[in-house]
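Since every read-out is calculated from the coordinates, none of them should be taken as a lab result. What you see is a predicted model, and the numbers here were worked out from it, not measured in a lab. Cβ coordinates were reconstructed from backbone atoms using ideal geometry, including for glycine residues, and neighbour counts include every protein chain displayed.
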Amino acid sequence: MVFSPQTNTLTWQMMTQAEVKVKKNQIVLIQDGQELYLHIVSEEPFEVNVIKLSPPPLPYDKDITALQRIEITWKRKSFEGDAGHIMVDLSTNATQGK
């Protein structure tokens, strides 16, 4: 991606109803006995947050049981130059993307 002069942070997001387990460079989603692995491939430091959205933050939003938003955030200053590369690999394989 190419950064604009106003870019301060980069955020990758995903909504899920699965149970979320955050590990070092990996997030595991568990639902109905199945697992999905999100491998975060990035040399730059990042932060992972899981925000619960049930009940929803606004009264007119629909309440979806166990809904959560996964946010992976990078600071722009961690990237050298005017462009950067991030990759979030989704896989059913725990070791893929490493």
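Amide H to amide H distances under 5 Å link Leu67 with Leu53, Ser54, where only residues 5 or more positions off or on other chains count and H is placed in the peptide plane. Taking 19 Å as the straight-line reach from the Cα of Lys21, the aspartates and glutamates in range (excluding those fewer than 8 positions away in the same chain) are Asp32, Glu35, Glu47, Glu71, Asp89. Of the options (1) 26; (2) 32; (3) 70, only one is percent of Cα pairs over 24 Å apart as computed from these coordinates, and that is (2).
Amide H to amide H, with H built 1.01 Å from N, Lys23 comes under 5 Å of Val28, counting only residues 5 or more places away or on other chains. Sequentially through the range 86-95, phi angles give Karplus couplings (6.51, -1.76, 1.60; θ = phi - 60°) of 10, 9, 10, 9, 9, 7, 8, 9, 5, 9 Hz, Gly and Pro residues having no value and appearing as x.
Placing +1 on the Cβ of every Lys and Arg and -1 on the Cβ of every Asp and Glu, with nothing else charged, gives the range 9-91 a dipole about its Cα centre of roughly 220 debye.
Extending 7 Å from the Cα toward the beta-carbon at both Thr11 and Lys75 defines two label points whose distance is 1.7 nm. When only Cα pairs below 8 angstrom with a gap of at least 6 residues are kept, the chain shows a relative contact order of 38 percent. The calculated FRET efficiency for the pair Asp63 and Ile30, based on their C-beta separation and a Förster distance of 30 Å, comes to about 0.85.
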